[in-house]
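Peer 1: I have a structure here, written as structure tokens, and I will follow up with some questions on it.
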Amino acid sequence: MGEKVLIKGVEAIAESAIRAGCRMFFGYPITPQNETPEYMSRRLPQVEGIFLQAESEIAAINMVMGASAAGARVMTTTSSPGFSLMMEGMSYLVGMELPCVVANVVRGGPGLGNIAPAQSDYFQATKGGGHGDYKTIVFGPSTVQELVELTYHSFDLADKYRNPVVLLTDGALGQMMEPVIFPEMRKLNTLPEKPWALTGALNREKNIIMSFEMDPKILENINWELQKKFQKISEDEVKYEEYATDDAEFVIVAYGTIGRIAKSTVKALREENIPVGLIRPISLWPFPYGVITQLVPQVEAFMVVEMSAGQMVEDVRLAVGDRRPVFFYGRPGGMVPSPRDITEKVKQCLSMLLS
Amino acid sequence: MNYEIIVSGFGGQGVLIFGEILSQGALKENKHTVWFPAYGPEQRGGTANCTIIIGDEEIASPISIDPDIVVALNQPSLDKFEPWLKKGGLLIINKTLTTRKPLRDDIKIIEIDALTLAREAGEERATNIVLLGRLLKEIPLLSVDTVKEVISVIFAHRGEKVIAANIKALNTGWNSGD
């Protein structure tokens with residue numbers, strides 16, 4: 001473990017990726033994530049890596065595909081409009097079972113939108129996004145330290161499941177600086193072997209990587225195999241933080257930047273002896289349905305807070321069903337609710353419950 | 001406790017580096033800290049501000065809506081952030097670039113002619129550091145020695161002369177009290 005350094009979120013992604021063994025980066029500039037490629041362009045050559053600025057996001061994700069097929073630990077980073085352009089490639093990556101890490105530093109949308117922090121790409125990231133029946137693992141970190149740890153972890157998970165992993169963050173976490181401790185630099189010879197990779201078929205059977213199968217009977221089986229993998233990920237890779245839920249009668253569910261802002265709300269309400277708790281999903285897919293369902297008997301109501309018009313709220317409603325009210329408070333378009341805004345909304349909901 | 005500080009001024013006045021010095025100092029003293037810039041299509045001459053939180057408690061929200069301290073380097077910053085200050089909070093104003101007195105009577109107000117003092121110290125671009133010196137005198141968020149160390153590191157690439165000028169400006173700010 002090294003010493004603590006003060007670093008921006010979007011630079012921390014880059015350093016953590018390199019420490020995880022990422023030696024290839026392909027990307028196209030877009031605010032608010034430009035410091036990631038900037039950092040990579042400086043740092044990757046120092047570790048004998050390759051940085052390449054592509055001519056578009058479409059090109060970038062296809063370069064990621066090529067590097068991944070050749071067995072490299074590879075990543076790209078982008079922001080919402082660029083992430084949309086990458087969706088075809090993401091679907092292909094899943095279909096070909098190729099590992100990679102993609103960070104989407106989400107900005108206000110739809111369309112060109114703005115560069116302010118938002119969470120409005122939740123559906124796109126967690127429900128597939130591109131065509132076909134597929135999932136990618138999605139993490140929503142809420143501190144720069146957590147961003148570092150999840151970036152590092154994402155490369156291992158991507159290789160383990162041969163599937164893309166998405167880091168879903170925003171410009172607030174991306175642009176802020178916090179003290180972090182980076183994990184150790186992985187030695188490349190300790191990374192998992194990739195016998196499936198396209199490394200030259202000298203003295204072995206050739207490997208074929210593709211997502212094309214004309215025979216529906218065979219493609220159905222391929223799909224069921226993928227679904228088995230997604231089922232296994234759903235069982236093993238759920239991550240969340242529970243805060244002050246032990247005796248909570250009202251639970252806020254929020255992730256990422258809002259997850260930490262809502263923690264201030266919970267602290268403030270607890271000082272007024274109002275029994276509020278927080279569930280902060282860290283893996284957005286697989287979503288932590290179980291912990292929310294378990295809280296239903298003790299909780300009178302839930303409230304979901306998002307920087308969107310309401311997306312994760314649907315997953316919370318799936319977990320809760322009709323058994324309890326699920327309130328929603330959201331600010332789309334790049335607006336960030338303050339702890340006081342959230343506190344006022346909780347109090348409004350509590351008074352609605354009483355009346 | 002945690003202190004929440006907003007530093008605001010024109011782009012180019014060094015408000016972001018003001019904040020970064022505080023956060024780097026907090027890191028050196030093993031305190032919790034976050035530095036959070038208002039980001040957007042910023043440009044020189046436009047407005048810039050950042051929020052810094054320093055203290056001994058875990059930092060949940062990085063956003064401050066009722067800061068303990070506001071440092072205003074120009075009039076638009078005074079107009080925007082004076083109302084935000086917590087009751088009993090500290091407002092430090094760069095009098096050189098403001099055109100009116102603050103309005104509130106429930107906060108502590110320090111007005112200093114920071115640009116003039118920075119010029120007298122030999123480096124008018126160190127106006128921000130003059131204000132930082134005064135802030136540290138009013139509220140000992142960090143030890144002055146820590147801040148001097150951070151200044152030496154942050155300005156290392158600009159050479160000894162710039163470091164010396166900034167440390168002189170810090171002392172000038174510190175000594176600017178009545």
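Peer 1: Name every residue in the range B:16-51 that is over 20 Å from A:Pro32 (Cα atoms) and of a type in the set (A, V, I, L, M, F, W, C), in order of residue number.
Peer 2: Answer for the range B:16-51, where residues must be over 20 Å from A:Pro32 (Cα atoms) and of a type in the set (A, V, I, L, M, F, W, C): B:Phe18, B:Ile21, B:Leu22, B:Ala26, B:Leu27.
Peer 1: State whether the residues of the range B:33-47 include one that is among the small types (Gly, Ala, Ser) and more than 10 Å from every other protein chain (Cβ to nearest Cβ).
Peer 2: Yes, the range B:33-47 contains a residue that is among the small types (Gly, Ala, Ser) and more than 10 Å from every other protein chain (Cβ to nearest Cβ).
Peer 1: Let me ask something additional. Any residue at all in the range B:22-39 that is in a loop (DSSP other than H, G, I, E, B), in contact with a Gly (Cβ under 8 Å, 6 or more places away or on another chain) and within 19 Å of B:Pro102 (Cβ to Cβ)?
Peer 2: No, the conditions are met nowhere in the range B:22-39.
Peer 1: Across the range A:293-305, what is the number of residues that are touching a residue at least 40 places away in the same chain (Cβ under 8 Å) and either closer than 24 Å to A:Asp121 by Cβ or of a type in the set (A, V, I, L, M) (or both)?
Peer 2: Here the count works out to 7.
Peer 1: Something else: From the list A:Leu167, A:Leu191, A:Leu147, which one is surrounded by 12 or more Cβ atoms within 10 Å (Cβ to Cβ), within 14 Å of chain B (Cβ to nearest Cβ) and closer than 27 Å to A:Ala72 by Cα?
Peer 2: One residue alone meets the criteria, A:Leu147.
Peer 1: Is one or more of the residues making up the range A:282-305 more than 13 Å from A:Glu249 (Cα to Cα), crowded, with 23+ Cβ neighbours inside 10 Å and aromatic (Phe, Trp, Tyr)?
Peer 2: Yes, the conditions are met somewhere in the range A:282-305.
Peer 1: Could you check how many residues of the range A:252-292 are without any contact (Cβ under 8 Å) to a residue 60 or more places away in the chain, away from chain B (no Cβ under 12 Å) and not in a helix (DSSP H, G or I)?
Peer 2: Residues flagged as without any contact (Cβ under 8 Å) to a residue 60 or more places away in the chain, away from chain B (no Cβ under 12 Å) and not in a helix (DSSP H, G or I) within the range A:252-292 amount to 6.
Peer 1: For the range B:121-141, indicate whether the set of residues that are within 14 Å of chain A (Cβ to nearest Cβ), crowded, with 18+ Cβ neighbours inside 10 Å and part of a loop (DSSP other than H, G, I, E, B) is non-empty.
Peer 2: No - not one qualifying residue is present in the range B:121-141.
Peer 1: Could you check how many residues of the range A:108-138 are under 14 Å from the mean Cα position of the chain (by Cα) and either within 14 Å of chain B (Cβ to nearest Cβ) or hydroxyl-bearing (Ser, Thr, Tyr) (or both)?
Peer 2: Residues flagged as under 14 Å from the mean Cα position of the chain (by Cα) and either within 14 Å of chain B (Cβ to nearest Cβ) or hydroxyl-bearing (Ser, Thr, Tyr) (or both) within the range A:108-138 amount to 5.
Peer 1: If you scan the range B:1-15, which residues turn out to be outside any loop (DSSP other than H, G, I, E, B) and crowded, with 23+ Cβ neighbours inside 10 Å?
Peer 2: Answer for the range B:1-15, where residues must be outside any loop (DSSP other than H, G, I, E, B) and crowded, with 23+ Cβ neighbours inside 10 Å: B:Glu4, B:Ile5, B:Ile6, B:Val7, B:Ser8, B:Gly9, B:Val15.
Peer 1: Cβ-Cβ distance below 6 Å, separation of 6 or more or different chains: which pairs start in the range A:182-209 with a residue that is outside any loop (DSSP other than H, G, I, E, B) and end on one that is surrounded by 10 or more Cβ atoms within 10 Å (Cβ to Cβ) and modelled with pLDDT of 95 or more?
Peer 2: A:Leu188/A:Gly21
Peer 1: While we're on this one: How many residues does the range B:56-96 contain that are part of a loop (DSSP other than H, G, I, E, B) and within 14 Å of chain A (Cβ to nearest Cβ)?
Peer 2: 13
Peer 1: In the range B:106-116, is there at least one residue being crowded, with 20+ Cβ neighbours inside 10 Å, more than 14 Å from chain A (Cβ to nearest Cβ), part of a loop (DSSP other than H, G, I, E, B) and within 15 Å of the chain's Cα centre (by Cα)?
Peer 2: no
Peer 1: Something else now. What residue, of A:Leu147, A:Leu98, is within 24 Å of A:Lys8 (Cα to Cα) and either out of contact with any Gly (no Cβ under 7 Å at 6 or more places or on another chain) or assigned to a helix (DSSP H, G or I) (or both)?
Peer 2: The match here is A:Leu147.
Peer 1: Which of the residues spanning the range A:260-285 are among the hydroxyl-bearing types (Ser, Thr, Tyr) and over 19 Å from B:Phe36 (Cβ atoms)?
Peer 2: A:Ser283 - this is the single residue of the range A:260-285 that is among the hydroxyl-bearing types (Ser, Thr, Tyr) and over 19 Å from B:Phe36 (Cβ atoms).
Peer 1: For the range A:228-251, enumerate the residues that are in contact with a strand residue (DSSP E or B) (Cβ under 8 Å, 6 or more places away or on another chain), away from chain B (no Cβ under 12 Å) and of a type outside the set (Asp, Glu).
Peer 2: The answer is A:Ile233, A:Val238, A:Lys239, A:Tyr240, A:Thr245, A:Ala248, A:Phe250, A:Val251.
Peer 1: What tally of residues in the range A:1-15 results from selecting those that are surrounded by fewer than 24 Cβ atoms within 10 Å (Cβ to Cβ) and either basic (Lys, Arg) or away from chain B (no Cβ under 14 Å) (or both)?
Peer 2: 4
The values are calculated or read from the model by the stated rules, or taken from the named source; none is laboratory data. Only a predicted model underlies this, so the values are computations on that prediction, with no experimental measurement involved. Quick reminder, even Gly has a Cβ in these numbers, built from the backbone with ideal geometry, and neighbours come from all protein chains shown.
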